[in-house]
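K.L.:
This is the structure I have questions about; it appears just below.
The values are calculated or read from the model by the stated rules, or taken from the named source; none is laboratory data. Since the model is a prediction, treat every value here as computed from it, not as a measurement. Note: ideal-geometry Cβ built from the backbone for every residue, glycine included; neighbour counts use all protein chains shown.
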Amino acid sequence: MKVLMFGWEFPPHISGGLGTACYGLVKGMNHHNQEVIFVVPKLWGDEEPLADFVNASDVRIDYREKRFKKFWKNLTYLEVSSFLVPYLGPEEFKKFTDYAIHDRTDVDESIFSNKFEFSGKYGKNLMEEVSRYALVAAQIARDKNSFDIIHAHDWLAFPAGIAAKEISGKPLVVHVHATEFDRSGETVNQPVYDIERAGMHAADHIVAVSQLTKNIIIRKYGIPASKVTVLHNAVLDASIIKSAYEKKVPEKIVTFLGRITFQKGPEYFVEAAKKVIDRDPNVRFVMAGSGDLLNRMIDRVAELRMATRFHFTGFLKGDDVDHMYAISDVYVMPSVSEPFGIAPLEAVRHNTPVIISKQSGVAEVLRNAIKVDFWDVDSMADAIFALLHYDGISRMFKELGSEELKKLKWEHVAAKLVTVYEKTLAERS
Amino acid sequence: MRTICFYFQVHQPFRLKPYRFFDIGEDHHYWDDFLNRNVIRKVAQKCYLPMNALLLDLIHQYNGKFKVAFSLSGTFLDQMEAYAPDVLESFQKLVATGQVELLNETYTHSLAALKSKEEFHALVKKHQDRIKELFNGYTPKVFRNTELIYSDQIGAMVAELGYEAVLTEGAKHVLGWKSPNYVYSNAIEPKLKVLLKNFLLSDDIAFRFSNKTWADYPLTTEKFVKWINAIPKEEQVLNLFMDYETFGEHQWAETGIFEFMRHLPDAVLNHSNFGFSTPSEVAANAAAVSKIHVPVPISWADEERDLTAWLGNDMQDEAFDRLYELEKLVKDLDDPEIKRDWGYLQTSDHFYYMCTKFFSDGSVHEYFSPYDTPYDAFINFMNVLSDFMLRVKQKKSELQS
């Protein structure tokens with residue numbers, strides 16, 4: 001089978017989990033000898049040659065094609081001066097907007113210029129890039145006629161998927177890694193929601209990264225359950241990481257590592273920490289990361305008078321992330337809404353027992369972890385206390401967790417994906 | 001005789017280095033030696049050295065008619081010894097003229113007066129000993145608490161230590177209709193005289209001197225003398241209290257601040273009936289007109305002249321309470337390094353950096369802070385404090401075993 005796949009980023013140039021998931025999936029497809037044409041807005045040249053890569057920035061658009069003009073007309077409504085930046089922390093945000101300002105001046109603004117230089121990032125001109133990407137997709141779909149099915153990852157590539165389907169008449173599978181409801185809670189960005197919804201309705205089949213995400217697709221986007229298949233993410237490497245880095249404090253460490261934003265539920269971690277410290281002062285809590293709720297968390301920790309037991313590290317880079325996992329005795333991910341959530345699996349690789357919220361997709365695949373409702377800070381505190389004090393349970397989770405990890409392979413995901421393709425093609429004919 | 005009393009605060013904190021969570025339990029050196037040295041050297045060139053030279057000239061020139069007072073914090077003395085022995089020598093020369101008075105304070109410019117009488121006494125004693133040691137046996141007679149923080153209670157503690165007088169802010173909300181240009185006495189111990197800062201005329205020099213949008217810009221010695229001549233005849237004392245860094249650092253040399261000071265004594269002595277006195281002379285020569293009641297602590301900071309620059313928000317209160325909780329442990333250990341670090345951590349500046357009053361005085365706080373935000377200041381301080389607590393605990397268990 002030959003798949004025309006539209007993504008937005010690909011390792012090593014990634015800023016979020018989307019690129020990593022695409023990489024794993026393509027690698028899994030390779031394992032099953034499936035051919036993939038992978039299109040990204042911008043190729044950097046140092047990607048691993050796993051697929052037939054197409055750099056959208058290199059594609060020449062034949063503007064005499066009348067149907068393209070129709071697409072463009074339909075898509076121009078997207079060009080709102082939107083500041084929406086999915087999945088970016090403040091550091092990255094600044095970097096990318098700087099990029100957009102400094103590096104995009106040479107771009108020919110004419111709509112029907114032959115080529116368009118994409119940044120492939122999540123900057124200020126995101127909406128414009130998304131719609132131009134669709135135009136390029138249409139051209140590619142016309143040029144490369146030999147593919148069987150189209151696969152588009154997340155809303156950024158949905159317009160591209162729709163355009164390719166219309167030009168080629170081939171079936172479309174859209175892959176939902178996150179929805180606007182995960183990113184923004186109930187205050188959704190309407191243009192983004194509209195694109196997501198259009199993509200899901202235009203698709204012949206939908207892949208969701210978790211049952212949780214499938215439920216959102218059904219409930220919030222009006223899609224019948226039969227049209228959605230759950231394919232959980234996997235891990236690229238399930239080996240246990242033995243770190244030489246040693247803890248320098250005598251107390252046990254409980255860690256939150258992630259963006260400090262609404263979606264990740266940092267406030268529940270703070271409240272649970274207070275309950276644990278009240279019972280056992282010989283614990284240190286660490287909140288690692290940065291985000292718009294950081295200062296509020298610091299204020300709350302000070303207000304609860306536990307700042308000598310609750311530490312903030314700021315944004316962690318490189319080795320520090322590994323060090324943090326290595327010295328943690330418990331890892332907590334209290335996400336309010338997490339389509340999947342790969343971080344707890346990283347913790348498991350470091351032999352750290354994890355507590356995850358029931359509102360995360362990863363809870364569906366990780367059986368040997370304690371699961372609590374994100375809002376249930378009493379249960380969270382109980383669980384933290386138990387993992388810190390009852391060696392039996394934490395040892396069990398360590399052992400079983402790493403066993404479980406070994407089963408989460410991308411080739412299994414790819415095999416299931418192939419059956420989804422086959423079913424979709426069969427339904428078509 | 002009517003008199004002007006100049007008092008300058010000279011203080012530099014031991015600023016903390018960026019201290020990360022990963023350093024806790026391993027790195028026990030907390031101070032940013034490089035930054036601290038740089039600050040001392042920079043301010044020495046811009047302010048301490050040229051201004052000390054100028055004051056020495058003036059003292060010689062007016063032969064006993066011009067005099068000033070300093071409070072040199074212990075953290076400043078320590079850093080001066082380490083990084084600027086030339087500055088220390090110039091201060092020693094000034095004190096040797098006999099026209100320069102040194103005041104006592106808490107060694108580490110701390111807020112101990114608000115929390116622990118015992119620690120307050122210990123830090124005052126330490127400062128006293130250090131002054132004696134560095135300035136040829138000099139013993140201060142007048143007290144100036146950190147940032148002019150004062151209340152009736154603090155005054156009573158100061159009186160108990162045998163001081164003749166104490167300096168504080170002439171805060172509007174304390175004085176009401178009263179004038180700061182008199183000598184007052186402590187409400188609990190009337191024998192302790194209280195000298196109040198005239199903040200209008202002090203701030204004309206310290207803050208407004210180079211402000212071009214100020215209606216009275218530029219400030220000249222003629223203008224200043226005209227203003228002091230306008231003070232009602234019966235008001236005897238004009239207390240001009242300010243940061244020493246006013247000269248050359250807050251107000252750059254280019255503003256003309258040094259020229260202003262060079263010519264001020266001449267203008268005052270020849271065109272007004274004011275002279276110059278040190279705080280102890282003021283206290284000895286003038287009788288107190290009445291008690292001054294200060295039930296709630298005041299200071300010279302910010303528009304509010306209260307403690308909110310250092311204490312009051314959750315971060316400041318948390319840091320402050322956790323630090324002083326260690327008092328008994330630290331004292332029981334009697335370990336010189338632990339004691340020194342605990343003292344340096346008490347320096348009020350650390351709490352000042354955590355202030356979140358952004359709107360009115362935030363820019364002043366920002367100017368003095370090595371941190372981007374008060375949150376960064378808090379995190380850094382608490383990381384250091386967490387390590388310090390571990391050390392204390394460890395030392396204690398070592399002693400017990």
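K.L.:
Residues in region A:178-193: is at least one farther than 30 Å from A:P353 by Cα, at pLDDT below 95, surrounded by 19 or more Cβ atoms within 10 Å (Cβ to Cβ) and among the aliphatic types (A, V, I, L, M)?
P.N.:
Checking region A:178-193: at least one residue is farther than 30 Å from A:P353 by Cα, at pLDDT below 95, surrounded by 19 or more Cβ atoms within 10 Å (Cβ to Cβ) and among the aliphatic types (A, V, I, L, M).
K.L.:
For A:T229, all conditions in the list (1) modelled with pLDDT of 95 or more; (2) within 28 Å of A:H177 (Cβ to Cβ); (3) assigned to a helix (DSSP H, G or I) hold save one; what is the number of the exception?
P.N.:
Result: A:T229 passes all but (3).
K.L.:
Would you point out the residue of region B:301-353, among those that are part of a helix (DSSP H, G or I) and among the aromatic types (F, W, Y), that is farthest from the other protein chains (Cβ to nearest Cβ)? Don't jump to the end; show me each part of the working.
P.N.:
Taking region B:301-353 as the starting set, the residues that turn out to be part of a helix (DSSP H, G or I) are B:314-325, B:327-333, B:336-345, B:349-352.
Those still in the list that are among the aromatic types (F, W, Y) too: B:320, B:324, B:342, B:344, B:351-352.
Working: B:F320: 11, B:Y324: 13, B:W342: 14, B:Y344: 18, B:F351: 12, B:Y352: 16 Å.
Going through the qualifying residues, I end up with B:Y344.
K.L.:
Looking at region B:22-31, is at least one residue away from every other protein chain (no Cβ under 14 Å) and assigned to a helix (DSSP H, G or I)?
P.N.:
Checked region B:22-31: no residue is away from every other protein chain (no Cβ under 14 Å) and assigned to a helix (DSSP H, G or I).
K.L.:
Go through region B:277-333 and give me each residue that's of a type in the set (G, A, S), outside the structural domain of B:F368 (by TED's automatic domain parsing) and surrounded by 22 or more Cβ atoms within 10 Å (Cβ to Cβ).
P.N.:
Answer for region B:277-333, where residues must be of a type in the set (G, A, S), outside the structural domain of B:F368 (by TED's automatic domain parsing) and surrounded by 22 or more Cβ atoms within 10 Å (Cβ to Cβ): B:S277, B:A283, B:S299, B:A301, B:A309.
K.L.:
Oh, and also: Given the criteria among the β-branched types (V, I, T), crowded, with 18+ Cβ neighbours inside 10 Å and within 14 Å of another protein chain (Cβ to nearest Cβ), does B:T356 qualify?
P.N.:
yes
K.L.:
Here's another thing I want to ask about it. State which residue is surrounded by the most Cβ atoms within 10 Å (Cβ to Cβ) when the search covers only region B:371-401 and only residues that are closer than 19 Å to A:F310 by Cα and charged (D, E, K, R).
P.N.:
B:D387
K.L.:
Okay, moving on. Is one or more of the residues making up region B:361-374 among the aromatic types (F, W, Y), within 20 Å of B:L167 (Cα to Cα) and more than 13 Å from chain A (Cβ to nearest Cβ)?
P.N.:
no
K.L.:
Moving on to the next point. So which strands (runs of 3 or more DSSP E) are wholly in region A:1-60 and hold at least 2 residues that are β-branched (V, I, T) and either outside the structural domain of A:A141 (by TED's automatic domain parsing) or in contact (Cβ under 8 Å) with a residue 12 or more places away in the chain (or both)?
P.N.:
Ranges flagged: A:35-40.
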